[in-house]
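These notes are about the structure you will find just below.
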Amino acid sequence: MASISKLSCPNPTTVSSASFRPKVVQPVCSIHFFNTKSASDKKISSSSLSLRSNLAIRAPLLVRCSQHDGNGSPIKRTVLHDLYEKEGQSPWYDNLCRPVTDLLPLIASGVRGVTSNPAIFQKAISTSNAYNEQFRELVQSGKDIESAYWELVVKDIQDACKLFEPIYDQTDGGDGYVSVEVSPRLADDTQGTVEAAKWLHKVVDRSNVYIKIPATAECIPSIKDVISLGISVNVTLIFSLARYEAVIDAYLDGLEASGLSDLSRVTSVASFFVSRVDTLVDKMLEKIGTPEALDLRGKAANAQATLAYKLYQKKFSGPRWEALVKKGAKKQRLLWASTSVKNPAYPDTLYVAPLIGPDTVSTMPDQALQAFIDHGIVSRSIDSNVSEAEGIYSALEKLGIDWGYVGYQLELEGVDSFKKSFDSLLDSLQEKANSLKLVGLCGTVQRSLCVSMSGHQDFAVNASANVDCRPGFDRRDVLLVLSSVGLLAPTFWKSSSKDGVALASEFADMPALRGKDYGKTKMRYPDYTETDSGLQYKVDWDGFTIGYYGRIFEARNKTKGGSFEGDDKDFYKFRIGSQQVIPAFEEAISGMALGGIRRIIVPPDLGYPDNDFNKMGPRPTTFSGQRALDFVLRNQGLIDKTLLFDIELLKIIPT
């Protein structure tokens, strides 16, 4: 039976490429190895890098920037330097966030480029405060959310390009690239992708930027057109040999159609995804379940990657290619992407060490990068077991593994994943914008307030208040405006009197709800503060919800709601102490600072009296919202009427 054991454990014999002589870049940093039990738990900062892993690392890498100008003491090398200088493979870093200067230690350790994608930016922007200042300025200047997103991204890409510019210059444009992807919403839009690539190339305005275009069927023509315009491209989301060949042809077609006499500045990489292939194929093999099938787990991805390199060598040779070389054309390098191990049972360098070869790139996230620096072996391995890889590829086909289906399914999943990350990030930015653009820096509410609740289902309230303001503000009667996006979330509760929970006997028994473990009236949420009255609240919760929401709590200790549509922006006014709004609302607002955000969980006894929003506000302004709330409050099958509100204090208006 064919095995890929040699592919997983590359031959230690080094085979140098006669045609590849990379220039050596001397970093201006010192690299130290140290032993510590807690090193893997430290955060990355601009001055030090402790690469993280769940594995026990013998000597984690710590890189400290020095003040030397290159004439100081020599630095300690890492295997990443050997990977490039001995074997011609460029190690890149698959991540980007602020501060971009955190890349400096990585560059010193041998990293020669950066890749990014919508998922990377979604994580960076939504989990960091480093983007807040620029985002606030963009929102206040009137930028829409997607425009603001691209400005955040472009700044990161430009700053990273600047850091890698020396590598780009020293290799005459052969390395030192930073990749930025067009909107994943354009994955099925040929011309839209071309226009987006042209725009990104123009606004980033850096020689060493790669515009990432997905290798979908609709975008293959886009690749040709963009290359023909002289724009360098990183083709991403390649999961099959057939699609990879189409990508190469698009690159060659683009070079030939460019009309340029000098093609040396038009370069490209083809990002061939690896580990995700094993993730899918392993599941298929486990369903087959035979010993032969199970023995092939963890071998499909590297086998296909090996054959991709064979295809690369074939396509970039012969008369057609030689004619382009005469005009200065450079090979479209294979870039190994998705190099982190998804199955913890596999070696942590499984998708790095067996894929080493000249004129290739390996982009690695933190885990894979750390593992290879710690114990990776530098040796040409990509084409040392081609016949074995061919045997595995064929054996998988004989077992019923359809490589066409594998590529198609992974492409769908990849595009969908990036779209979700992109949409999620835009939603997060919209939430943040709702908070940032509604200015507020003033004191604490003492007695009475004027609040305004706005959203898709909007209501507002109005009253006078005594407020302690910042220095420079007088204590005065003011009108306070508060945005509350009502997240209405009633919960189900099985009939019981446990913990003193009073049950309404008039509610009808609903057999379908018996035994269900939904939210409970007196359930306590661990990340909320509870007042003496039973109100629970969270200050400055993560995110801002748009719209008036209402549905049951979905499960244990969760605070989720479903949307009620509505677009009205009318305001409902009330005065604190006038009993115009539910008690929980008055209690939640008092003590809030201007600009503050609270999410409150309202027990029934602090909610609407007699389950009637006509007796006490806040009240939805649209018919659909009123009908939805009325259904929740009056439905006799809903024993518990616990509510969830999101409130933001927006403005103080002197009265």
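Some observations on this one:
- Whichever residue in the stretch 191-204 is buried (at least 17 other Cβ atoms within 10 Å of the Cβ) and touching a Ser or Thr at 6+ places or on another chain (Cβ under 9 Å) and, among such residues, is farthest from Asp94 (Cα to Cα): Gly192
- Count - residues of the stretch 91-127 that are touching a residue at least 40 places away in the same chain (Cβ under 8 Å), under 18 Å from Glu151 (Cβ atoms) and not in a loop (DSSP other than H, G, I, E, B): 6
- Residue-level check: of (1) surrounded by fewer than 21 Cβ atoms within 10 Å (Cβ to Cβ); (2) under 30 Å from Ala217 (Cβ atoms); (3) in contact with a Phe, Trp or Tyr (Cβ under 9 Å, 6 or more places away or on another chain), Glu151 misses just (2).
- Members of the stretch 116-140 found to be farther than 22 Å from Thr236 by Cα, among the hydroxyl-bearing types (Ser, Thr, Tyr) and modelled with pLDDT of 90 or more, listed by number: Tyr131
- In summary, Ser362 fulfils each of the numbered conditions (1) in a loop (DSSP other than H, G, I, E, B); (2) of a type in the set (Gly, Ala, Ser); (3) crowded, with 20+ Cβ neighbours inside 10 Å with the single exception of condition (1).
- Close pairs (9 angstrom Cβ cut-off, 6 or more residues apart or separate chains): free of Cβ contacts under 8 Å to residues at least 60 places away in the same chain in the stretch 418-431, of a type in the set (A, V, I, L, M, F, W, C) anywhere: Lys420/Ala119; Asp427/Ile145; Asp427/Ile546
- In the stretch 73-90 there is no residue matching the filter, namely being among the basic types (Lys, Arg), at pLDDT below 95 and assigned to a strand (DSSP E or B).
- Within the option set Gln134, Gln158, being farther than 20 Å from Ala246 by Cα, of a type in the set (S, T, N, Q), within 22 Å of the chain's Cα centre (by Cα) and surrounded by 17 or more Cβ atoms within 10 Å (Cβ to Cβ) holds for one residue only, Gln158.
- Remark: pairs (first residue in the stretch 381-393, closer than 15 Å to Ala293 by Cα; second residue β-branched (Val, Ile, Thr) and crowded, with 18+ Cβ neighbours inside 10 Å; Cβ separation under 6 Å; 6+ apart in sequence or on different chains) = Ile392/Ile4.
- Residue among Ile373, Ile392, Ile356, Ile382 that alone is under 19 Å from Thr115 (Cβ atoms), buried (at least 20 other Cβ atoms within 10 Å of the Cβ), assigned by TED's automatic domain parsing to the domain that holds Ala217 and over 26 Å from the mean Cα position of the chain (by Cα): Ile356
- Any hit, the stretch 314-330, residues being surrounded by 15 or more Cβ atoms within 10 Å (Cβ to Cβ), touching a strand residue (DSSP E or B) at 6+ places or on another chain (Cβ under 9 Å) and not in a helix (DSSP H, G or I): yes
- Residue in the stretch 372-380 that is among the acidic types (Asp, Glu) and either outside any helix (DSSP H, G or I) or under 30 Å from Thr290 (Cβ atoms) (or both) present: no
The values are calculated or read from the model by the stated rules, or taken from the named source; none is laboratory data. Just so it is clear, the model here is predicted, and its values are computed rather than measured. Quick reminder, even Gly has a Cβ in these numbers, built from the backbone with ideal geometry, and neighbours come from all protein chains shown.
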